[in-house]
Amino acid sequence: MEEKRPEVSEFDSVDPAPPSNIDDVRKLRMTICDEDEKMFQRMRALFALRNIGGQESVEALAAAFGSSSALLKHEIAYVMGQMQDSAALPYLIDRLQDFDEDVMVRHEAAEALGAIGDRTALSVLEKFKDDKDTVVAESCEVALDLLEWVSSKKLDYTD
Ligand SMILES: [Fe+2]
């Protein structure tokens, strides 16, 4: 029998940090939101929250959008896309719409909105596909196509 390597997640990606062994969402939320904690530990909490999933995990991740780290925030947006949970939509839309937000975060929020595949995100992606920031504009363009593709796949599954 093949042993499952713990560092390989169901998302088939090699993460920049291994997920934390902690499975208490409240503790993970405290770690990821702690601006004094080492970034590696915050990333570990992030991937643990992604793997646990569900509304409470989405909200814990969203709470860390209050961080000053663009690196962490872009990673949050990325895992929200992987989770494909519509509960993340309002938080991602907020990041995309915030012109003061780092471009890396806005770009990743746009792509995550595409990856989730929920048509609720169509109008906001349309709105920003001509953003003055080319990276954001291009991300919205890609996300619109991705959203169509993902949502058509979802229809296949439910048929
Ligand atoms: Fe990216």
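Since every read-out is calculated from the coordinates, none of them should be taken as a lab result. Remember, it's a predicted structure, so these values are computed and weren't measured experimentally. Every residue, glycine as well, gets a Cβ built from its backbone with ideal geometry; the counts of neighbours run over all protein chains shown.
A few notes on this one:
- For the range 25-158, averaging the sequence separation of C-alpha pairs within contact (under 8 Å, six or more residues apart) and dividing by the residue count gives a relative contact order of 18 percent.
- Taking the C-alpha atoms only, the angle from helix 39-52 to the longest principal axis of the chain is near 80 degrees.
- Two-site FRET efficiency, Glu37 against Asp133, from Cβ-Cβ distance with R₀ of 41 Å, rounded to 0.05: 0.85
- Förster radius 22 Å - calculated FRET efficiency between Leu155 and Asn21 (Cβ-Cβ, nearest 0.05): 0.05
- Distance between the range 90-159 and the range 63-87 - C-alpha centres, whole angstrom: 13
- Nearby lysines by direct alpha-carbon distance to Lys132 (threshold 22 angstrom, same-chain neighbours under 8 apart not counted): Lys73
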